[in-house]
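So the structure is just underneath, and the comments pick up after that.
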Amino acid sequence: MTINVLLFLLGTCLGSFFCVVAQRWPQDKSILTPASHCTSCGEFLKWRDLIPLVSALRLRFRCRYCHKHFSYSSFAAEFLCGTLFLLSFPLTFTGAASLNFFWLTAAFLLALADCFYLILEPKIFYPSLVILWGGKLGLGQLFHWETLLYCSGILLFLTLFLRGRFGAGDVLLLLSWSPWLELRQFCLLLILASGTGLVAYGFFQLSAVTTQPLAKKELPFIPFLAVGLWLVLQFNW
């Protein structure tokens with residue numbers, strides 16, 4: 001029980017940091033300066049305002065100083081990253097398990113950046129790609145050529161016939177993941193990502209939160225790819 005609590009708390013702390021990275025790096029801003037502050041009044045936040053999950057709940061998602069409502073994004077990132085650590089952190093530090101956890105963590109960070117800016121952030125993608133491929137090749141894991149070829153064929157079709165509806169970043173991300181998944185795993189990832197994406201689409205269509213038809217908005221797809229990847233790796237489907 002104690003280790004589970006510690007893992008969740010560690011995940012929430014890193015989730016808060018990842019949220020800052022995902023918000024600032026795409027805008028070429030430092031992740032260290034300026035310190036965390038209210039985007040409405042500019043007041044710098046004290047340590048008591050930065051306790052993951054707890055501070056947001058205590059303040060009821062409002063700034064302590066100007067009392068304006070702030071985004072739920074940091075709270076969501078903290079909770080989801082805490083859950084990721086709780087459920088997926090490798091307690092046996094084998095090379096394969098640790099590398100898969102890194103893969104999931106990088107996917108989570110990429111998903112955050114996609115939620116904020118609808119992009120595949122290069123500063124996150126390319127370093128994580130080098131580490132993932134280098135680790136997989138270094139461990140001698142099987143390179144699935146058939147999955148790569150299958151992925152290339154599907155994505156070529158999507159690019160040609162669904163241009164503008166399927167982002168180039170999503171294509172590049174799937175291509176980079178495909179060699180390290182069995183063909184059935186890759187197909188399942190696509191099914192899971194598409195299914196959860198459709199559920200989210202339906203939710204936002206029915207929700208009063210949307211102020212304009214969702215058809216006019218872009219829906220980030222990397223978060224759904226990350227969910228599909230987590231399910232495939234977590235349960236070894």
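Is there a residue being in a helix (DSSP H, G or I), touching a Lys or Arg at 6+ places or on another chain (Cβ under 9 Å) and surrounded by fewer than 16 Cβ atoms within 10 Å (Cβ to Cβ) anywhere in the range 114-137? So that I can check it myself, show each step before the final result.
Step one: of the range 114-137, the residues in a helix (DSSP H, G or I) are 114-117, 122-137.
Cutting the leftovers down to touching a Lys or Arg at 6+ places or on another chain (Cβ under 9 Å) gives us none.
No, every residue in the range 114-137 fails to be in a helix (DSSP H, G or I), touching a Lys or Arg at 6+ places or on another chain (Cβ under 9 Å) and surrounded by fewer than 16 Cβ atoms within 10 Å (Cβ to Cβ).
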Which residue pairs have Cβ atoms under 7 Å apart, sit 6 or more places apart or on different chains, and have a first residue in the range 146-166 that is under 21 Å from residue 181 (Cα atoms) and in a helix (DSSP H, G or I) and a second that is at pLDDT below 80 and aromatic (Phe, Trp, Tyr)? 158/166
Under 8 Å by Cβ, and 6 or more places apart or on different chains, what pairs join a residue from the range 39-52 that is assigned by TED's automatic domain parsing to the domain that holds residue 68 with one that is exposed (fewer than 11 other Cβ atoms within 10 Å of the Cβ)? 44/34; 44/35; 45/35
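The values are calculated or read from the model by the stated rules, or taken from the named source; none is laboratory data. In this text, all values refer to a predicted model and were calculated from it rather than measured experimentally. Cβ: placed from backbone, ideal geometry, glycine included. Neighbour counts: every protein chain shown.
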